[in-house]
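The structure appears below as structure tokens.
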There are 2 protein chains.
Amino acid sequence: MQGFFRSYLSVYRPLIQALNHLLHPYELSYSLWQVMLYLHEHEHASLVEISQYYGIEKPGVTRRVQRLEELGYLSCVPGNDRREKSVALTEQGLHVYSECRVKISALEQRITAGIDVAALEQTVVVFRQLLGNLK
Amino acid sequence: MQGFFRSYLSVYRPLIQALNHLLHPYELSYSLWQVMLYLHEHEHASLVEISQYYGIEKPGVTRRVQRLEELGYLSCVPGNDRREKSVALTEQGLHVYSECRVKISALEQRITAGIDVAALEQTVVVFRQLLGNLK
DNA sequence: GGTTAATGGTTAATCAAAGCAACTATATCG
DNA sequence: CGATATAGTTGCTTTGATTAACCATTAACC
């Protein structure tokens with residue numbers, strides 16, 4: 001499968017640009033959106049948890065969280081371990097999440113238009129396998 | 001196909017890291033590698049040509065080309081239009097290309113191991129379609 | 001129980017990559 | 001000839017990530 005990576009990577013820039021453009025009105029980028037995505041699924045989370053989930057370093061998470069805090073999209077929630085900073089989406093964060101969710105799904109719809117659903121599902125399976133092999 | 005983008009993007013960071021790690025001994029990154037890739041296929045090219053092919057701005061290409069020139073991997077070739085800077089791989093650049101080509105193909109082999117070849121081929125088709133829809 | 005080690009988080013400095021705006025030089029067209 | 005378009009460069013800014021060093025708190029252990 002010579003050229004597979006190249007084929008994969010050719011999609012990246014236009015895709016991330018489209019997503020960032022979509023998120024821009026909310027002062028978000030995809031990297032910030034990732035944090036919201038995680039918090040939408042986990043109610044609350046520590047920074048290390050997010051760091052490990054996305055495979056990025058802790059300082060990166062600190063900054064994403066700081067930004068989202070500034071925007072009022074998330075806030076700290078008290079926990080028993082006082083080292084830990086547990087964060088959760090705010091009311092506003094949840095609202096922004098929902099709005100973006102709709103738009104992102106619509107974009108997904110548009111970008112995958114005309115592609116066989118079975119092929120898309122197959123592709124998702126391939127991504128999972130690639131990810132497994134990459135670790 | 002909710003979550004398709006997310007699935008796609010989850011592969012990006014680990015993949016690009018693996019590639020950059022592989023290219024590091026040659027003082028290359030994937031963004032530099034792209035230029036070499038193009039020049040390997042086109043003998044020589046102008047910066048605008050490369051810029052359009054990869055969908056990046058001209059200054060980005062200027063800097064990539066400058067870096068590759070410093071490394072001795074490419075050099076200018078004379079053309080009739082004196083505005084234009086036509087570049088081509090040097091002897092050394094070609095040699096480095098070959099070495100990296102082998103290693104990248106091996107990595108590709110490793111990362112796609114155990115994945116059905118038909119599924120991979122279908123995935124490449126999906127990438128092409130996505131790219132088409134993204135424009 | 002008190003010292004040591006591990007864990008969670010932050011800050012600062014650095015780097016890579018990309019974008020935009022403004023500029024120079026050359027070509028083309030009227 | 002002069003206006004306009006094209007190719008490339010430079011400078012500045014932004015985004016995202018990394019490493020190293022550090023502080024605070026908790027856990028482990030003799």
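When B:L23, B:L19 are screened for being within 13 Å of DNA strand C (Cβ to nearest atom), over 11 Å from the mean Cα position of the chain (by Cα) and not basic (K, R), only B:L23 passes.
Go over the candidates A:L32, A:L9, A:L68, A:L39 one by one and state the one that is surrounded by 16 or more Cβ atoms within 10 Å (Cβ to Cβ), more than 14 Å from the chain's Cα centre (by Cα) and free of Cβ contacts under 8 Å to residues at least 60 places away in the same chain.
When all the criteria are applied, what remains is A:L9.
From the list A:E99, A:E84, A:E91, which one is away from chain B (no Cβ under 11 Å) and within 12 Å of DNA strand C (Cβ to nearest atom)?
Among A:E99, A:E84, A:E91, only A:E84 is away from chain B (no Cβ under 11 Å) and within 12 Å of DNA strand C (Cβ to nearest atom).
Of all residues in the range B:115-135, those satisfying the criterion of being of a type in the set (G, A, S) and more than 7 Å from chain A (Cβ to nearest Cβ) are B:A118, B:G132. The residues in the range B:15-33 that are more than 11 Å from chain A (Cβ to nearest Cβ), in a helix (DSSP H, G or I) and polar (S, T, N, Q) can be counted, and the count is 1. Of all residues in the range B:56-90, those satisfying the criterion of being touching an Asp or Glu at 6+ places or on another chain (Cβ under 7 Å) and assigned to a strand (DSSP E or B) are B:S75, B:A88. Considering only residues that are farther than 13 Å from A:S10 by Cβ, within 13 Å of DNA strand C (Cβ to nearest atom) and in a helix (DSSP H, G or I), which ones fall in the range B:34-55? Matches in the range B:34-55: B:V35, B:M36, B:L47, B:V48, B:I50, B:S51, B:Q52. One residue stands out in the range A:77-106 among those that are crowded, with 17+ Cβ neighbours inside 10 Å and among the aliphatic types (A, V, I, L, M): the one that is farthest from A:E27 (Cα to Cα), namely A:V87. Here B:I56, B:I111, B:I104 are screened, and the one residue that is more than 10 Å from DNA strand D (Cβ to nearest atom) and free of Cβ contacts under 8 Å to residues at least 24 places away in the same chain is B:I56.
Values in this text are rule-based calculations from the coordinates and carry no lab data. The structure presented is a predicted model; accordingly, all values stated were derived computationally and were not measured. Neighbour counts are summed over all protein chains in view; Cβ atoms, including those assigned to glycine, are modelled from backbone coordinates with ideal geometry.
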